[in-house]
Amino acid sequence: MSVTQTFTGTICNQCNFKVAEVLVGCPSCGSESIQKVDLKQNGTIHSFTVVYVGFGHMATRAPYVLAIVQTEENVKLTTVIEGVTDFNAVKIGDKVRFKGTDEKIGPVFQY
């Protein structure tokens, strides 16, 4: 995974709702009038937890930070935060940056 400048999401042409996934319809209003949009790479930790016992394909990542990140466009998404060396130092409001997309878990951000 390499650091990129943007990642792809979806915007609704009816209600302007943005989501950090590529979808076929708007999850807010149900419209099928949607298009792909590039989301900016910077975000802020809105909420988080440290996962000490992962399961399935996440077992080898433990411990890791699982967070809700809010992007510059106010899109919130659940993601893994990589590059954390001190789990006690992570706090709400910390700045993070999009790192890349993992095919098993989706967008990944870095501390």
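Note on segment 56-111: no enclosed strands (runs of 3 or more DSSP E) hold 3 or more residues that are open to solvent by 50 Å² or more (accessible area, probe 1.4 Å), basic (Lys, Arg) and closer than 18 Å to Thr6 by Cβ. So, Thr49, is that one part of a strand (DSSP E or B), within 19 Å of Lys18 (Cα to Cα) and out of contact with any Ser or Thr (no Cβ under 9 Å at 6 or more places or on another chain) or not? No: the conditions fail for Thr49. When Gly30 is tested against (1) assigned to a strand (DSSP E or B); (2) within 19 Å of Gly9 (Cα to Cα), exactly one condition is not met: (1). Restricting attention to segment 1-27, the residues being part of a loop (DSSP other than H, G, I, E, B), of a type in the set (Gly, Ala, Ser) and within 17 Å of Gln70 (Cα to Cα) number 1. Check whether at least one residue in segment 45-56 is aromatic (Phe, Trp, Tyr) and at pLDDT below 95, and report yes or no. Checking segment 45-56: at least one residue is aromatic (Phe, Trp, Tyr) and at pLDDT below 95.
For segment 23-31, the condition of being modelled with pLDDT of 95 or more and exposed (fewer than 12 other Cβ atoms within 10 Å of the Cβ) holds for at least one residue. Only residues in segment 20-34 that are within 16 Å of Thr78 (Cα to Cα) count as the first member; pair them with residues that are open to solvent by less than 50 Å² (accessible area, probe 1.4 Å) and part of a loop (DSSP other than H, G, I, E, B), Cβ under 9 angstrom, at least 6 apart or cross-chain, and list the lot. So the pair list comes out as Ala20/Val75.
The values are calculated or read from the model by the stated rules, or taken from the named source; none is laboratory data. Owing to the predicted nature of the structure, the values given are computational and were not obtained by experimental measurement. Neighbour counts run over all protein chains shown; Cβ positions are idealised from the backbone, glycine included. Note: accessible area is taken over every heavy atom of the protein model, side chains too, but ligands, DNA and RNA are not part of it. Shrake-Rupley method; radii C 1.70, N 1.55, O 1.52, S 1.80 Å.
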